[in-house]
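The values are calculated or read from the model by the stated rules, or taken from the named source; none is laboratory data. These numbers come from a predicted model, not from an experiment. Methodologically, a virtual Cβ is constructed for each residue, glycine included, from the backbone with ideal geometry; neighbour enumeration extends over all protein chains shown. When the accessible area is computed, the model is the full protein with side chains, heavy atoms only, and any ligands, DNA or RNA have been set aside. Shrake-Rupley method; radii C 1.70, N 1.55, O 1.52, S 1.80 Å.
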Amino acid sequence: MIWLRKFPNTQFLIGVSLLLCALTFYYFGVLRIDYNETTLLDLGPHPDATEYFAQAQSLLKDGLPSIQIGYEKLPSRYPSGYPVLMLPWLKILPEADAVLAPFRTSQTTGLLLLLAVFAFYTYLAMPLTGGFAALLLATLPGFFTFCRSSLSDLSASALIVLAFMFAYLGLKEERRWKIYLSAVFLGLSLNIRAQALFFAPLLLAMAVLPMKGMRLRWLLHCAAVPVIFLLAASPVLVLTTIQFHSPLKTGYDFWTPYFSEKHLFFLLRYVPRNAGELWRQMTLQPHTYDASNIFGTGTSFVPAFVLLSCVGVVFMRLNWFLCCAFLAGLSSFVASLCFLFGRDERLYLPLLILLIGVAVLPVTWAAKNLFAGKRIIPALGVFIFFVGACLGYPSRSGYNTPGIGRSQAWDALHFATSLPQSIQFIAQKYFGRRFEREPGIVLSDIDPVYLNVLLPHGFVAAPIDGKHHYKWSYTWRYDRPQALALVQRGLTQSLPIYALFVSKREMEEKTSRLPRVDGFDWVLVNDSSAEAAILKLTPTS
C-alpha cells in the first residue's frame, strides 16, 4: 500500500488500464455490431423505436415532432426528448443509413456515460475506483443491451446518473450551482422518460446543504430548485398541452385510452407479481419476455452483481447525500414495483447503473488490501464476485432456456452472429428502389409510420385495413372504409396504388384484405422470387 501512496500516478495508470478494458469490451460488444445483418432495422416488434425515429425525421423537416399515417400527421405516444438527441446523427448519416440514427444515439450516449463515470471518480482523486466502476458499467448486461438498442431508456438513465453525480458534488463541495445543474439534468430526463419524475427526492440535497444564517436565502434556494426542474422539463409539458390540451395527458391517452380508463397504473396489488419477476432473475429462474430479449439475451443483471452491491452497503458512510439518494432510489423502485407494467426490466435500468457506485466500494477496498498484503482471503472473495459480475457468470441467456451456465460477457461479443436480416427493411428498400420514379400510395402490414419515414419522397403509406398498431384510439380511426377512401383519393389524383408484402406467401394470405374498387384489379408487378411481393391496382382489361 505504501508504493501506491508514494506513486499516486500508479493508481491513475491502473484506472486508465481498466477504462481501456471497458472501452475495448464496449467496442466489441456494442460499437462493432453491423445492424444491416440483423432484424433490428425493423425497429420492431413494438412501435417505440419506429415512433422515435419518425418524430426525429419530422423535427428535422417540419420543426415539430409527429408521426404520419396516410396523409395525416399525428401525435406520437412517446415523448420527443429522445428524437431530439437523434438529430445530430440524422444530419451526419447518409440518407440511406438514416435508420441507424436511433442505434447510434444509444451507442454514443453509452460511450459518453462510460467516460463520464471515469472522469467523475478521477475528479474525486479516485482513478482506481473509476477504472473499476467503468469496467462494471461496461459489462453490466442491462447497460450494454440498451446501448445497442433503438430505445430511449439508456439516454434517460444517463441524465439521471449525471443528476446524481452533480448532486453529490454539490453537497460535498457545498456548491449550490452544481445542485441546480443536477435539477436541470433530472428535468431533461423527464423529456425522455416520464418515470424520471420519481427520482425527484434527490433534489432535497438543496435543503440539507449547510448555510449559516440567512434563512430567507435558504428558502429561496429551496424554492428555486423545483422551478429549475420544471423549466428543464417544460418542453414535454408544453408540447403535451399543445397536442392534448393538458400537460398531464400523454400520447398514451390518445392512442391507448382503454388502459387509462380501465386500469389504475399504480396499485399495491401489482407488487407481488413485479417483485416475483425480479426475484426470478436474481435466482436464475426463467422470466418473462421483454425488450432486453430483443437487443440482448434477456438478462439485465446477474446474481454476482447483486451480491457485490449488497457487500458494498457495508462500506457506505452515512451522510446527507446518501439520505437524498436513498430516498430518490427508493421512490423510483417502489413506483416501479407498483406500476402496471413493472415487470419490464427497463424501468430498473437507472437503479442498476446507480448501484455501480455501491458495488465498486468493496472492489476498491479489496484491491488496496491485496496490494498491501492484508486481509487477503476476504479481498479475494470480493474479487471473485467482481470477476463474476464482469463476466456475467453464472446467468441465463435467452427466453425460457434450461441452462444457467452462461456468461453475459461472452454472449455480448457474439450477439449479432445469430440474428437474421430484417425482412421489412429489405422489402421497403427493394420497393423504394424499384418504384422510386413512380411515387404513389402504398398499403401494407408493415408499420405505416416506418414506411412513411423510409420510403422516397412522394410515397404515402397506410395500413391495409384495421389490423395495425394504432387501432386502439377512440379519437382516430383507420379501417376498411378509410383504406378504400384513401385508394379512391389516389385514383382521383391519378396516383399509382401499390400493396407491399414481405414475401409471396404473405401476399397470397393477405390479398383478400385489400380494398376492392370497381373496374380495377390487383396485379403482381414484380418477380415473385424478389425480396418483396408487390401488387399494383390497375384497370381491368
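Starting from the residue with the highest accessible area, list Met165, Met86 in decreasing order, probe 1.4 Å.
The residues order as Met165, Met86, largest area first.
Mark the label point 7 Å from the Cα of Ala194 along Cα→Cβ and return the residues of the stretch 254-270 whose backbone N is within less than 19 Å of it.
Hits in the stretch 254-270 for Ala194 at 19 Å: 254-268, 270.
Write out the trypsin sites (Lys or Arg not before Pro) in the stretch 211-259 meeting two conditions: DSSP loop, and at most 13 other Cβ atoms within 10 Å of their Cβ.
Lys212
As a test of reading the structure, rank Cys324, Cys21 by solvent-accessible area (1.4 Å probe, protein chains only), most first.
In descending accessible area the options line up as Cys21, Cys324.
How much net charge surrounds Pro272 when only the other residues with a Cβ under 14 Å from the Cβ of Pro272 are counted, with Lys and Arg +1 and Asp and Glu -1?
Charge balance near Pro272 sits at +3.
How high is the relative contact order of the stretch 226-317, in percent, with contacts defined as C-alpha pairs under 8 Å that are six or more residues apart?
12
May I ask for the net charge around Phe146, where only other residues with Cβ less than 13 Å from the Cβ of Phe146 are counted and Lys, Arg are +1 while Asp, Glu are -1?
Every neighbour counted, the sum reads -2.
How do 268-276, 480-488, 130-138 rank on mean C-beta neighbours within 10 Å, highest first?
Those peptides, ordered most packed to least, come out 130-138, 480-488, 268-276.
Along the three principal axes, how long is the stretch 205-248 when you take its alpha carbons, biggest first, rounded to the nearest angstrom?
47, 16, 12
When the C-alpha atoms of the stretch 172-213 are aligned to their principal axes, what extent does each axis show, in angstrom, from largest down?
Taking max minus min along each principal axis of the Cα atoms, the stretch 172-213 gives 38, 16, 15 Å.
Between Asp97 and Trp410, what is the spin-label point distance in nm, taking each point 7 Å from the Cα along the Cα→C-beta axis?
3.3
Leaving out same-chain residues fewer than 8 places away, which lysines sit with a Cα under 18 Å from that of Lys504?
By straight Cα distance, Lys504 reaches Lys429, Lys536.
Report the relative contact order of the chain, percent, no decimals, based on alpha-carbon pairs under 8 angstrom and at least 6 residues apart.
Taking the mean separation of contacting Cα pairs over the length of the chain, I get 16 percent.
Restricting to Cα pairs below 8 Å that are 6+ residues apart, what does the relative contact order work out to for the stretch 359-410? Please round to a whole percent.
Averaging sequence separation for qualifying contacts and normalising by length gives 24 percent for the stretch 359-410.
Which lysines have a Cα less than 21 Å from the Cα of Lys178, not counting those fewer than 8 places away in the same chain?
Once the sequence-local lysines are set aside, what remains near Lys178 is Lys212.
Give the Debye-formula value of log10 I(q)/I(0) at each listed q (0.11 Å⁻¹), with one equal scatterer per alpha carbon of the stretch 459-541, two decimals each.
One equal scatterer on each Cα of the stretch 459-541 leads to -0.31.
If r is the Cβ-Cβ distance from Ser541 to Val208 and R0 is 56 Å, what FRET efficiency results, to the nearest 0.05?
0.10
Run the accessible area of the chain with a 1.4 Å probe and give the carbon-and-sulfur part as a rounded percent.
65
Return one quarter of the surface area of the convex hull spanned by the alpha-carbon atoms of the stretch 62-168, equal to its mean projected area, in nm².
8.5
How far is it, in nm, from the label point at Phe333 to the one at Lys504 when both lie 7 Å from their Cα along the line to the Cβ?
It works out to 5.8 nm between the two label points.
Per the Cauchy relation, a quarter of the hull surface: what is the mean projected area of the convex hull of the alpha carbons in the stretch 174-312, in nm²?
The number I arrive at for the stretch 174-312 is 12.8 nm².
Across the Cα atoms of the stretch 403-541, what radius of gyration and what greatest pairwise Cα-Cα distance (Dmax) are found, in Å?
18.0, 64
Which one, (1) 130; (2) 158; (3) 166, gives volume of the Cα convex hull per residue in Å³ as derived from the coordinates shown?
Here the calculated entry is (3).
Would you mind calculating the gained length between Met282 and Leu64 on full extension (0.36 nm times residue separation, minus the Cα-Cα distance), in nm to one decimal?
74.2 nm
Enter the accessible area per residue of the chain (Å², integer; probe 1.4 Å; all protein chains in place).
46
In the chain, what % of DSSP beta bridges are antiparallel (nearest 5)?
Just about 65 percent of them are antiparallel.
Within the stretch 305-349, name every residue whose backbone N is under 19 Å away from a label modeled 7 Å from Cα of Leu268 along the Cβ vector.
330-342
Count the net charge of all other residues whose Cβ sits under 11 Å from the Cβ of Val302, scoring Lys and Arg as +1 and Asp and Glu as -1.
Residues close to Val302 contribute a combined charge of +2.
How high is the FRET efficiency from Tyr474 to Val227, r the C-beta distance, R0 41 Å, rounded to 0.05?
Efficiency at R0 = 41 Å is approximately 0.70.
Computed FRET efficiency, Cβ-Cβ of Ile242 and Arg434, R0 45 Å: what is it to the nearest 0.05?
The formula returns an efficiency of 0.70 here.
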